[in-house]
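Colleague: Supplied in structure tokens, the structure appears directly below.
Nothing in this text is a laboratory measurement; each read-out follows from the coordinates by a stated rule. Please read these numbers as outputs of a predicted model, since none were measured by experiment. No Cβ is skipped: glycine too gets one built from the backbone with ideal geometry, and neighbour counts run over all protein chains shown.
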Amino acid sequence: MSIEKFSYDNKIVKYFIIATVVFGIVGMLVGLTIATQIFYPAANFNISFLTFGRLRPLHTNAIIFAFVGNAMFAGVYYSLQRLLKARMFNDMLSWIHFWGWQLIITAAAITLPLGYTTSKEYAELEWPIDIAITLIWVVFGINMIGTIIKRRERHMYVAIWFYIATFVTVAVLHIVNSMELPVMLFKSYSVYAGVQDALVQWWYGHNAVAFFLTTPFLGIMYYYLPKAANRPVFSYKLSIIHFWSLIFLYIWAGPHHLLYTSLPNWAQTLGTVFSLMLIAPSWGGMLNGLMTLRGAWDRVREDAVLKFFVVAITAYGMSTFEGPMLSLKNFNAITHFTDWIIAHVHIGGLGWNGFMIFGMIYWLVPKMWGTKLHSAKAANLHFWIGTLGILVYALPLYWGGVVQSLMWKQFTPDGFLQYANFLETVTKILPFYMLRLLGGSLYFTGVIIMVVNLMKTAKQGSFIANEEAEAPALEKVNITGGTFHSALERKPIQFTILALVAILIGGALEIIPTYMVKSNIPTIASVKPYTPLELEGRDLYIREGCVSCHSQMVRPFRNETERYGEYSKAGEFVYDHPFLWGSRRTGPDLHREGLGNKNAKPNSWHYTHMYDPRITSPGSIMPRYLWLHENTLDISNTPAKIEAMQTLGVPYPEGYADKAVEDLNKQAKEIADDLNSGDIETSADKEIIALIAYLQRLGTDINGEK
């Protein structure tokens, strides 16, 4: 048997670790900034690109794709080489992947604060960046699959299964959800509308969490935890059940984000059923991880790496129990749209992803620099400060979420809403927001301690760029016997195809029927397309990130119909590209905000409210939007937008694009004349006029209809 000598590429891992730390700091600083703005809106200094609505998607993208994404690639590139006993397939592809990913992150950091966004949660980046993501993801996939094919280890270890599932599923999710029609360089419209767009988005959104934030880190858990504990994985059979049941069931669960909405009941029920079934494989994975530490618990008391892993896996268990509970309609009715969801998300983000990353990096850096960790005490201090930070962050938001929900639903003995003014439910929980900032600051402090510790560790060692290794060449022999799965582990292409089939089934059976069966989205004759001015106003609403704080979905609850008006119907959204149902209510729902509805307000109220919300709503935490009153509305692309909508099936009259600007100016003049008839002086060409037109349109198509 010939022994082959080769080397592992540690340099690419080093660069991904550096990117992880740098973008982690940036993403967390943005998070602390918006955590401050949520109770002190003046913290944006009245600068358009520093508002909560524009920075919130920057924070989520920076954490998910820059911090967690770079850490995932670092963990995969290090472990994959050693599990396969082979250097990465192609060094050039590794570096194209690295620099391409960093350029994508940089593009996101520039475009999102400037308001270039699709508004679709975790998928806000516009079409040129979406294309770049696709290309770089393919580069990563080629490099990974190529390495698997040229391996020197016959069997693919469990971690690699999760890496393969991550690659194929994220590719499918990204491509399907990013189907959009470009209008200009950084403006597009989703090809899906309303209910269908919502279903596709949360099929993507839930599974972006599943297959970008979960499955790759389960693979990392299966590699780094046994290495750090010096113990074998508890159960190989459990890992098989964990993997296949998880990837098959997870893909169905997206609709549980849309309970009590206009989504057809059958889809909501499917989401609930599969979410509940997810408890089994999720907790199977958690137990497989924790039980791997059998016989090593004494070391956990001293070893910060193991401490981080234990709390990370526990946070994973909590999040994957809480997710199915949130899919129960009775529990969802209390928690959805509240800050409970923010706490839930951050238990996963800070606990599961964050602590897995910290444990992995603390284990990797000393090995790659050929030294010991500079300070075990500092690492343990980081652990305790980080853990305290998570608790101080999450517990007030859980509490605040319950307070919010109970106040929204509270009626007086006479049958009236006790807190009819939504603002009362906001000001009540401001102390919880302040505690959230404290918790985030503690967590961030721990990260800074880690950075200093790792820099000193690297300084005292010497980096091993190419780690020498040797292994027997993989002989092409015909092996018989063993289980079906052990045979499958020797066939990477067949394994990848089976994983792809497993995740395609659920997505296809949920999404396709909403197109094939017309009764899923009943039409409403009175629903008409947006006027050109309203369409421009809607784009401004998207640009400013209003959907981050306001929902447009009145659910069929007595407290919501009393507060907002008639519950929302599926047929009302057929011309909404994209949908804007939202996922949180820091402000009231706006779907019945238009003139003639229950909450109708005059144009002057909206004008003043956007200029300074505290004039119309004392105590409001909404930022000022002074630039909307100053900026001239750009209507140079209005005809192109109308034509794009026509391409997507919106029934504007033939040739209407040529008349669109004329109609826009006419409607804008009417609104401006109304404002000027009072104490307000403005002109019809300002952005605020278009936004008012859009707000006054909301929910007016079915006034009084059931």
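Colleague: Taking neighbour Cβ counts within 10 Å as the exposure measure, how do LYS459, LYS669, LYS14 sort from fewest upward?
Modeller: The fewest-first ordering by Cβ neighbours comes to LYS459, LYS669, LYS14.
Colleague: Now for a different question. How much length, in nm to one decimal, is gained on full extension between THR483 and ALA376, taken as 0.36 nm per residue of separation minus their Cα-Cα distance?
Modeller: 34.2 nm
Colleague: With a Förster radius of 30 Å, plug the Cβ-Cβ distance of MET434 and GLU302 into 1/(1 + (r/R0)^6) and report the FRET value to the nearest 0.05.
Modeller: 0.25
Colleague: Also, quick follow-up: Quote to one decimal, in nm, the extra length available between THR106 and GLU654 on full extension: 0.36 nm per residue of separation minus the C-alpha distance between them.
Modeller: Stretched fully, the THR106-GLU654 segment lengthens by 193.2 nm.
Colleague: Sticking with this one: Does anyone have the angle between helix 91-111 and the longest principal axis of the chain? Alpha-carbon axes, 0 to 90°, nearest 10?
Modeller: 20 degrees
Colleague: Counting Lys +1, Arg +1, Asp -1, Glu -1, what net charge surrounds MET88 among other residues with beta carbon under 13 Å of its beta carbon?
Modeller: With Lys, Arg at +1 and Asp, Glu at -1, the net is +3.
Colleague: Of the lysine pairs in segment 532-702, how many meet both conditions: Cα atoms under 27 Å apart, and a spacing of 8 or more in sequence or different chains?
Modeller: 16
Colleague: Between 0 and 90 degrees, rounded to the nearest ten: what's the tilt of helix 52-61 against the longest Cα principal axis of the chain?
Modeller: Tilt of helix 52-61: around 20 degrees.
Colleague: In nm, what is the difference between 0.36 nm times the number of residues separating LEU135 and LYS5 and their Cα-Cα distance?
Modeller: In short, 43.5 nm is gained.
Colleague: List, largest first, the extents of the alpha carbons of segment 542-643 along their principal axes, each in whole Å.
Modeller: 42, 40, 26
Colleague: Between LYS237 and ILE505, with labels modelled 7 Å along Cα→Cβ, what's the label distance in nm to one decimal, could you check?
Modeller: 2.2 nm
Colleague: Count the net charge of all other residues whose Cβ sits under 14 Å from the Cβ of ASN453, scoring Lys and Arg as +1 and Asp and Glu as -1.
Modeller: Result for the local shell: +4.
Colleague: Then there is this: Antiparallel as a % of all DSSP beta bridges within the chain, to the nearest 5?
Modeller: Rounded to the nearest five, the antiparallel share is 95 percent.
Colleague: Kindly state, to the nearest 0.05, the FRET efficiency for ALA469 paired with ASN421, given R0 = 60 Å and r defined as their beta-carbon distance.
Modeller: That gives a FRET efficiency of 0.35.
Colleague: Can you spot the aspartates and glutamates whose alpha carbon is less than 18 Å from LYS237's alpha carbon? Ignore those fewer than 8 places along the same chain.
Modeller: The qualifying aspartates and glutamates are GLU489.
Colleague: Oh, and also: Taking the Cβ of each residue in PHE167, PHE49, PHE422 as the centre, tally the other Cβ atoms inside 10 Å and list the residues starting with the fewest.
Modeller: So the residues, fewest neighbours to most, are PHE49, PHE422, PHE167.
Colleague: Relative to the Cα centre, what is the charge dipole magnitude of the chain, using +1 at the beta carbon of each Lys and Arg, -1 at the beta carbon of each Asp and Glu, and rounding to the nearest 20 debye?
Modeller: The calculated dipole for the chain is roughly 3020 debye.
Colleague: From the gyration tensor of the Cα coordinates in the chain, what semi-axes in whole Å does the equivalent ellipsoid have, largest first, with each one equal to sqrt(5λ)?
Modeller: So the equivalent ellipsoid measures 46, 27, 25 Å along its semi-axes.
Colleague: Right, here's the next one. If the reach is capped at under 29 angstrom between alpha carbons, list the lysines near LYS372, excluding any in the same chain fewer than eight residues apart.
Modeller: Within the straight-line limit of under 29 Å, LYS372 reaches these lysines: LYS5, LYS11, LYS14, LYS85, LYS227, LYS307, LYS456, LYS459.
Colleague: I would also like to ask the following. Using a Förster radius of 30 Å, what is the FRET efficiency between ASN265 and ILE175 based on their Cβ-Cβ separation? Nearest 0.05, please.
Modeller: 0.60
Colleague: Continuing with this model, one more query. On a 0 to 90 degree scale, rounded to 10, what angle separates helix 376-409 from the longest Cα axis of the chain?
Modeller: Its long axis makes an angle of about 30 degrees.
Colleague: Return the equivalent ellipsoid semi-axes of segment 532-702 as a descending list in whole Å, where each equals the square root of 5 times an eigenvalue of the C-alpha gyration tensor.
Modeller: For segment 532-702, the ellipsoid semi-axes come out as 24, 22, 14 Å.
Colleague: Another question about this same structure. If you average 1/r over all unlike Cα pairs in segment 159-199 and invert the result, what Kirkwood radius do you get in angstrom?
Modeller: Taking every pair of different Cα atoms in segment 159-199, averaging 1/r and inverting gives 12.0 Å.
Colleague: Could you compute the net charge surrounding TYR564? Neighbours are other residues with a C-beta less than 14 Å from the C-beta of TYR564; K and R count +1, D and E count -1.
Modeller: Surrounding charge for TYR564 is +3.
Colleague: Between segment 349-396 and segment 54-76, how far is it from one alpha carbon centroid to the other, in angstrom?
Modeller: Between the Cα centre of segment 349-396 and that of segment 54-76, the gap is 17 Å.
Colleague: Find the Cα radius of gyration of segment 348-400, compare it with 2.2 N^0.38 Å by division, and give the number to two decimals.
Modeller: 1.38
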